[in-house]
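Encoded as C-alpha cells, the structure appears first; notes follow it.
Taken together, the values in this text are just the output of simple stated rules run on the coordinates, not laboratory data. Since the model is a prediction, treat every value here as computed from it, not as a measurement. Counting neighbours? That spans all protein chains shown, and the Cβs are built from the backbone with ideal geometry, glycine included.
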Amino acid sequence: MHAKNFEFDKKEIKLHVGDTVKLTLENTDGVHGLEVPDFNVNIKNGETATFTVDKAGTYDFNCSVQCGSGHDNMTGQIIVE
C-alpha cells in the first residue's frame, strides 16, 4: 500500500475468508501510518504486517499518524467475502 498526502493508493482491498495478507506501507509523500483495528494492525512507513482474515465482513482502515488537514480523508475498507 502506498500513502501520500492525503490518500492511500487503494481505497478498497477485496479478500476471501482464509486469505493470509502481507501488507506493507510505503509513504511516497508525507508521514503516514496504516491502522486496521479489527486485525490489530498498526504499521508505519516501511513496516509490514501479516494477518489471516477468518471472517467475512467489511473492515475499515485509516491513517494512524496525524498528517495534516486531509488526515480524516485517509480511509478505506477491506472487504472479505
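Kindly indicate which of G68, G76 is loosely packed, with under 15 Cβ neighbours inside 10 Å, of a type in the set (G, A, S) and either touching a Phe, Trp or Tyr at 6+ places or on another chain (Cβ under 8 Å) or not in a strand (DSSP E or B) (or both).
Working: G76 fails: loosely packed, with under 15 Cβ neighbours inside 10 Å.
When all the criteria are applied, what remains is G68.
Just checking, how many residues over segment 52-64 are within 19 Å of E7 (Cα to Cα) and crowded, with 16+ Cβ neighbours inside 10 Å?
Of the residues in that region, 5 qualify.
Does segment 3-25 hold any residues that are over 19 Å from N73 (Cβ atoms) and charged (D, E, K, R), and which are they? Step through it out loud before you land on a result.
From segment 3-25, those over 19 Å from N73 (Cβ atoms) are 14-24; that's our starting set.
Within segment 3-25, K14, D19, K22 meet the criteria.
Considering only segment 62-81, state which residues are under 14 Å from the mean Cα position of the chain (by Cα) and farther than 27 Å from V17 by Cα.
Result: V65, H71, D72, N73.
Please verify whether segment 41-48 includes one or more residues that are more than 19 Å from H2 (Cβ to Cβ), of a type in the set (A, V, I, L, M, F, W, C) and out of contact with any Cys (no Cβ under 6 Å at 6 or more places or on another chain). Working first, answer last.
Going residue by residue through segment 41-48, those that are more than 19 Å from H2 (Cβ to Cβ) are none.
Scanning segment 41-48, I find no residue that is more than 19 Å from H2 (Cβ to Cβ), of a type in the set (A, V, I, L, M, F, W, C) and out of contact with any Cys (no Cβ under 6 Å at 6 or more places or on another chain), so the answer is no.
Quick check on segment 65-72. Is at least one of its residues more than 16 Å from A3 (Cα to Cα) and without any contact (Cβ under 8 Å) to a residue 12 or more places away in the chain? Working first, answer last.
Residues of segment 65-72 that are more than 16 Å from A3 (Cα to Cα), as a first pass: none.
Scanning segment 65-72 turns up no residue that is more than 16 Å from A3 (Cα to Cα) and without any contact (Cβ under 8 Å) to a residue 12 or more places away in the chain.
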